[in-house]
Amino acid sequence: RPIHHSDRGAQYCSDRYVHLLLQHGIGISQTQSGDPHDNAKAERINGTIKNEYLRHTEPGTFNEALQEVITAVDLYNGVRPHLSLNKQTPLDVHSGTATKPIIQLWKTKAWKKQTITEQTRAVQTLL
């Protein structure tokens, strides 16, 4: 099931936007506090895809842009080795085919995992 992650910007909390996501079966994930550090992982991958993969493209249609993004995400997850994953791809690590141990090079932050229903309720309370 796809999940849309965002900060708590007004555009992402609007009734129309939330309804559109839920109508299409898309889960809602938002930063807990509005603190930019909570959104760092999403910002990191979005920045990498935009600046390293899409920077030199000029799609003429929505479908062309969509295909460029799909290709970029596939390359990022399936081809590009990540230093934080001991030079393995996210696909290898998450599929269980990784051959090297993962050495944690990042700091973790304690946060409460929420179900999609809890996330939806939390978003709706902001509306």
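Numerical summary
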quantity: Portion, in percent, of the accessible area of the stretch 40-93 that falls on carbon or sulfur, probe 1.4 Å; calculated: 55
quantity: Accessible area expressed per residue, the stretch 1-95, with surrounding protein chains retained (probe 1.4 Å, Å²); calculated: 70
quantity: His82 long-range amide H proximity, modeled H, under 5 Å; calculated: Lys87, Gln88, Thr89
quantity: Cβ-Cβ FRET estimate between Ala65 and Asn86, R0 fixed at 35 Å, reported to 0.05; calculated: 0.60
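The values are calculated or read from the model by the stated rules, or taken from the named source; none is laboratory data. Everything numeric in this text was worked out from a predicted model, so none of it was measured. Counting neighbours? That spans all protein chains shown, and the Cβs are built from the backbone with ideal geometry, glycine included. Remember, those area values only see protein heavy atoms, side chains included, never the ligands or the DNA or RNA. Shrake-Rupley method; radii C 1.70, N 1.55, O 1.52, S 1.80 Å.
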